[in-house]
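This report concerns only the one structure given below.
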Amino acid sequence: MWSADAPAKAILFGEHAVLYGAPAIAIAIDLRASVSLEKSEKWLLNGDAFNPLLNPHLGHLISEFGDLDNPLSISIDSTIPMAAGLGSSAALSVASGMALSASRGHNSVTSIESLARAAHRAEASAQGGRASPTDTSVSTLGGAVIVSSSRIKSLEHRWAIDLESPDGSKHWDVHSLSIPSSLSRIPIVIGFTGISSSTKKMVEMVANNMQTSSFRLAMEKVSEISQKSIDILSTGNPEAIGDAMTRCHSLLQKIGVSSTELDNLIDAVLPFSFGAKLTGAGGGGCIIALSNEPQACAEEINKCGGIPYITSFAEIGVKISS
């Protein structure tokens, strides 16, 4: 048997704006997806016949890392809520790629970059050609990751990724950022609205709305906050980061990617948090809050009908489980 697991991600700043040149600041959180493989007489997924058309991410990764002539039984287990803006599909893609690579006898240490690239290709293929490498890079690397349209000299550069999308050629540089313990030890509270969010649909909506000047102005302000927050993160000041998160959410409301349910959860947790905002594509999905009172936040999320998750920064990215 070959097993691997990878963490979820939460975007602190730059969702949607990353597709238009802004930096995206994302962190790995300690909710994980695991994939186990066993030799089999035919391709199976959780005991059922595997259909690559219904599972395009896995189908793509099998074509890159697997061996179609040597079928496997694939078992998936995940603590990451699906379609919630936490990168569940990316974590599964990364974990699947690692497990498939291990099953072929590849060296997992030297294939980290190629794994991240392949997982991003799988995501882009499944999302109509529009996908930043943020989710897959975070799940691969762990810790904090900055994805931008150009190289940031003050950060550790990991790799560059190019993509031909329906909106033209895209280029991203992926960096790692070391977060001071004064920030990384603060509990993270996720509030899931229970409403699924389609990244593909939200990305397409934003692309259409970018034709209006007021929408572009709000997007530019999201980009400005993202740029400034890189330095704030390096200082480890939770109050400053929390304030920036809350201001960012107000801008995301203006570009139409929030919802009544998301706004209600944020209003509920703000009295007990340094700051809070939606995380991910929006339209549903989750909020993220930094809080030294995580239980109080969880109780308020419950009162609003949401599903709380008390978690933490995940320093470790994808890894072989056995």
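Is it the case that Leu31 is buried (at least 16 other Cβ atoms within 10 Å of the Cβ) and within 23 Å of Gly284 (Cα to Cα)? Against the criterion (buried (at least 16 other Cβ atoms within 10 Å of the Cβ) and within 23 Å of Gly284 (Cα to Cα)), Leu31 qualifies. Count of the stretch 285-308 residues, restricted to those that are assigned to a loop (DSSP other than H, G, I, E, B) and touching a helix residue (DSSP H, G or I) at 6+ places or on another chain (Cβ under 7 Å), is 4. In this structure, is Ile241 surrounded by 22 or more Cβ atoms within 10 Å (Cβ to Cβ) and more than 19 Å from Thr134 (Cα to Cα)? Considered against the rule, which asks whether it is surrounded by 22 or more Cβ atoms within 10 Å (Cβ to Cβ) and more than 19 Å from Thr134 (Cα to Cα), Ile241 comes out as yes. Here is the figure for the stretch 38-92: residues that are of a type in the set (Gly, Ala, Ser) and closer than 30 Å to Ala289 by Cα total 9. Of Asn55, Asn70, all but one fail to be polar (S, T, N, Q), buried (at least 17 other Cβ atoms within 10 Å of the Cβ) and either in contact (Cβ under 8 Å) with a residue 12 or more places away in the chain or farther than 28 Å from Ile146 by Cα (or both); the exception is Asn55.
Every condition in (1) more than 20 Å from Ser78 (Cα to Cα); (2) more than 17 Å from the chain's Cα centre (by Cα); (3) crowded, with 22+ Cβ neighbours inside 10 Å holds for Gly128 except the one numbered (3). From the list Asp243, Asp173, the one residue that fits, being over 30 Å from Ala298 (Cβ atoms) and either within 20 Å of the chain's Cα centre (by Cα) or among the acidic types (Asp, Glu) (or both), is Asp173. The residue that is surrounded by the most Cβ atoms within 10 Å (Cβ to Cβ), among those in the stretch 257-276 that are within 20 Å of the chain's Cα centre (by Cα) and part of a loop (DSSP other than H, G, I, E, B), is Val257.
Scanning the stretch 189-209 for residues that are over 16 Å from Gly285 (Cβ atoms) and surrounded by 16 or more Cβ atoms within 10 Å (Cβ to Cβ) turns up Ala207, Asn209.
Read the figures in this text as sums done on the coordinates, not as results from a lab. Here the structure is a predicted model, which is why all the values come from computation and not from measurement. Every residue, glycine as well, gets a Cβ built from its backbone with ideal geometry; the counts of neighbours run over all protein chains shown.
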